[in-house]
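Quick note: the coordinates plus some simple rules give every number you see, no bench work behind them. Note that this is a predicted model, so its numbers are computed, not measured. When we count neighbours, we look across all protein chains shown, and the Cβ atoms used for this are built from the backbone with ideal geometry, even at glycine.
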Ligand SMILES: O=C(O)C1=C[C@@H](OP(=O)(O)O)[C@@H](O)[C@H](O)C1
Ligand SMILES: C=C(OP(=O)(O)O)C(=O)O
């Protein structure tokens with residue numbers, strides 16, 4: 001599907017979408033809960049749907065209460081063998097977090113389960129599990145460190161040392177699985193060189209809110225669980241846990257940058273107390289002298305002349321795409337650190353940003369771990385998402401200030417994290433043509449109008 005974004009001025013108010021990092025963790029924690037879970041503001045991105053599909057395959061029941069609320073009841077911990085779908089298979093879609101978080105959880109089962117996925121996930125590295133799971137009593141067969149994975153547990157927590165430099169998502173999975181397993185004695189996970197640290201804060205925060213055992217975190221180097229017997233076997237579906245999915249700072253960053261280059265807009269629903277890594281976008285906007293003001297109810301942005309900035313995105317790698325859209329609209333050369341964190345995302349994002357922004361006349365130089373982005377002018381072009389949601393959103397955001405329209409091929413890539421993104425731009429007054437008409441036409445066909 002092609003979408004064309006025309007140069008536009010934005011105005012009005014918008015609510016940020018639900019965070020898939022928060023929603024997917026909530027699904028995992030609900031699976032491991034013995035209480036009924038009520039989730040408000042559930043997400044509906046492809047990654048969220050993948051997480052819901054996985055917990056259903058593992059026996060959880062999900063009921064829609066209303067458009068804004070779902071209930072989850074799980075008996076996963078009540079069956080010592082754990083309940084797995086008839087096919088003994090789970091599908092993680094294209095979600096890196098889902099496969100890396102749910103694999104250790106699936107390994108709690110004492111039968112063989114096949115874990116699969118699709119799209120870019122098929123090429124992303126999973127060899128971490130080949131090395132670590134056997135140390136925890138789990139048999140694993142992978143396709144040379146890639147999908148599919150066949151695991152046969154049960155996982156038994158014991159002291160291990162892991163490498164956290166490629167991704168924090170593996171640690172998130174181990175923390176959840178350790179919290180759900182019986183522990184006869186205290187157990188420590190030691191982590192070398194942990195990156196994306198705030199994502200671990202989010203994991204621990206969700207575990208706490210769901211009443212799971214939270215380990216002691218010593219400077220992100222050791223995570224120690226006390227000896228404990230999880231509440232397994234005693235289901236207490238009468239009592240209830242309430243969780244509200246946070247607004248998404250990662251997708252919201254595109255809205256904030258859009259406001260800074262083409263606004264006057266107000267973005268609501270982004271909690272300033274969140275532990276999400278990507279709330280750091282505020283610091284980058286300030287460093288660029290953006291027209292930004294915050295109060296308890298939201299963030300207001302207006303277009304203002306901006307200057308090149310320096311920013312370290314090592315621990316918030318998903319900010320690279322919106323930061324490049326921002327830097328393209330700043331006077332001078334901005335420097336963003338952390339390029340080495342981008343190689344194994346949905347695309348090799350250092351290179352895809354360089355190539356796609358290059359088509360819009362923006363020079364991006366890659367120098368080891370540093371990215372240099374030369375500010376505008378931006379020109380109209382035909383670009384490609386490279387099947388990466390954040391590349392599509394970065395190009396769409398930058399396009400608001402191009403000298404003519406920018407057409408994005410494979411624009412539906414946004415469905416991975418933020419299916420309403422183009423609708424939100426449109427609601428703010430952007431002229432967006434192409435895919436929306438196509439989708440509206442489809443809706444009319446399906447509703448028989
Ligand atoms: O835990 C999470 O929700 C995520 C962690 C980050 O991955 P890494 O830990 O691999 O950097 C981030 O890039 C990803 O989009 C979501
Ligand atoms: C890399 C991302 O997600 P994941 O690793 O969960 O697929 C992302 O959302 O940009």
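Just for segment 20-244, what percent of DSSP beta bridges are antiparallel, to the closest 5? Expressed as a percentage, antiparallel bridges in segment 20-244 total about 65. Specify the angular offset, from 0 to 90 degrees and rounded to the nearest 10, of the alpha carbon long axis of helix 435-447 from the longest principal axis of the alpha carbons in the chain. With both axes taken from Cα atoms, the answer is about 60 degrees. Taken along the Cα-to-beta-carbon direction at a fixed 7 Å, the label points for residue 122 and residue 217 span 3.6 nm.
From largest to smallest, the equivalent ellipsoid semi-axes obtained for segment 244-324 from the alpha-carbon gyration tensor read 18, 16, 10 Å. For the chain, the fraction of C-alpha pairs more than 37 angstrom apart is 25%.
Relative to the longest principal axis of the Cα atoms of the chain, the long axis of helix 96-106 lies at roughly 10 degrees.
Need one word for segment 219-363: rounded, prolate or oblate. Basis is the Cα gyration tensor (sqrt eigenvalues a ≥ b ≥ c); a/c below 1.5 gives rounded, then a/b vs b/c decides. Judged from the Cα gyration tensor, segment 219-363 comes out prolate (a/c at least 1.5, a/b above b/c). Overall form of segment 20-244: rounded. Here a/c, set by the Cα gyration tensor axes a ≥ b ≥ c, is under 1.5. Using the Cβ-Cβ distance between residue 404 and residue 226 with R0 = 51 Å, the FRET efficiency computed as 1/(1 + (r/R0)^6) comes to roughly 0.25. Annotation: Cα Rg of segment 306-400 relative to the compact-globule expectation 2.2 N^0.38 Å equals 0.94. Using only Cα atoms, tell me the angle between helix 169-180 and the longest principal axis of the chain; keep it within 0 to 90° and round to the nearest 10. On a 0 to 90 degree scale, this one is about 30.
Here the spin labels are modelled as points 7 Å beyond Cα on the Cα-Cβ line, and at residue 363 and residue 379 they lie 1.4 nm apart. Based on DSSP H segments of at least four residues, each scored -39500 (n - 2.57), the chain has a per-residue ellipticity at 222 nm of -9000 deg cm²/dmol. Taking the DSSP beta bridges with both ends in the chain, the antiparallel portion is around 65 percent.
So in segment 121-228, what percent of DSSP beta bridges are antiparallel if you round to the nearest 5? So the antiparallel bridges amount to about 75 percent of the total.
For the Cα trace of segment 124-240, dividing Rg by the Kirkwood Rh returns an Rg/Rh value of 0.97. For segment 180-221, the residues whose backbone nitrogen is under 20 Å from a point 7 Å from the Cα of residue 110, taken along Cα to Cβ, are 180-185.
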